[in-house]
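The values are calculated or read from the model by the stated rules, or taken from the named source; none is laboratory data. Given the structure is predicted, the values throughout are model-derived calculations rather than measurements. Quick reminder, even Gly has a Cβ in these numbers, built from the backbone with ideal geometry, and neighbours come from all protein chains shown.
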C-alpha cells in the first residue's frame, strides 16, 4: 500500500515538474504575436512589443514587418509613443510563424526545434584588385545560406558537418554516432537532416506555459 502511494506521489511530482518546465513545441502551437527584442524573449514566448501596436510614420498598423522600409513606432500602455529600431530586434512572431532578423531582412524559421533550420540571404564583397569601375576593386554578391539555430545558446551555426558537430555536443549519444560516420557522409545533406531530426526527437523544444 505504501509502495503504491509513493509511486503515485512520484508520478504526480514528475507531472508537476514537467508542467512547470513548459510545453513541447508542435506545429501550430500558439506562439504570441509580437516583436522579440532579444533571443530570450523568444524562448520565453513573451514578445516585448505586441505586433498590433506597431505603426508606421503615418500612424498606420504594420501588417508585414518584412516589407518595412521607413521608421516604426509603438505605444505602450503608459507613456508616449516610442520609436523602434528595426535593425536591432532579434525577430518577431506573426500567426504562429517566427521570423529572425539579419542584416538583409527577416527570414522564417523553416524547421522549428531545439535545433532549428532556416535559409537566409548573406551579402559579401568579392574583391578583385584588377577590376575597375564601381564599386572599386570588386562586386557585391548575395547568396542563400542554410543555417542552424541552437536553442540552448541562441547561436547560429553553419549547416554543415562542423556546425552539426558543435550542436550535437548537447547529446553525447548522437554526437558519438555522428563522429563515427565517414567524413564524406558527415557533410552530406541527407546525414545533416537525419541528425537534425533525431536531435529534435530526443530533445524536444519547450516553451513556458
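When the stretch 61-79 is filtered for residues that are part of a loop (DSSP other than H, G, I, E, B) and either surrounded by fewer than 14 Cβ atoms within 10 Å (Cβ to Cβ) or touching a helix residue (DSSP H, G or I) at 6+ places or on another chain (Cβ under 9 Å) (or both), the ones remaining, listed by number, are 62, 63, 64, 69, 70, 71, 75, 76, 77, 78, 79. In the set (1) in contact with a helix residue (DSSP H, G or I) (Cβ under 7 Å, 6 or more places away or on another chain); (2) farther than 12 Å from residue 36 by Cα; (3) not in a loop (DSSP other than H, G, I, E, B), the condition left unmet by residue 113 is number (3).
Taking the stretch 171-183 as the range and being free of Cβ contacts under 8 Å to residues at least 12 places away in the same chain, surrounded by 10 or more Cβ atoms within 10 Å (Cβ to Cβ) and not in a helix (DSSP H, G or I) as the test, only 181 passes.
The set of residues from the stretch 12-53 being surrounded by 12 or more Cβ atoms within 10 Å (Cβ to Cβ), at pLDDT below 85 and more than 19 Å from the chain's Cα centre (by Cα) comprises 18, 21.
Every condition in (1) out of contact with any strand residue (DSSP E or B) (no Cβ under 9 Å at 6 or more places or on another chain); (2) touching a residue at least 24 places away in the same chain (Cβ under 8 Å) is met by residue 164 except one, and the failing one is (1).
Per-residue answers, yes or no, for (1) at pLDDT 95 or above; (2) farther than 30 Å from residue 30 by Cα:
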residue	(1), (2)
149	yes, no
160	yes, yes
163	yes, no
172	yes, yes
198	yes, no
201	yes, no
204	yes, no
208	no, no
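Among the candidates 155, 202, 197, 186, the residue that is without any contact (Cβ under 8 Å) to a residue 60 or more places away in the chain and farther than 29 Å from residue 90 by Cβ is uniquely 186.
Check whether at least one residue in the stretch 89-100 is assigned to a loop (DSSP other than H, G, I, E, B), loosely packed, with under 12 Cβ neighbours inside 10 Å and touching a residue at least 24 places away in the same chain (Cβ under 8 Å), and report yes or no. Within the stretch 89-100, one or more residues are assigned to a loop (DSSP other than H, G, I, E, B), loosely packed, with under 12 Cβ neighbours inside 10 Å and touching a residue at least 24 places away in the same chain (Cβ under 8 Å).
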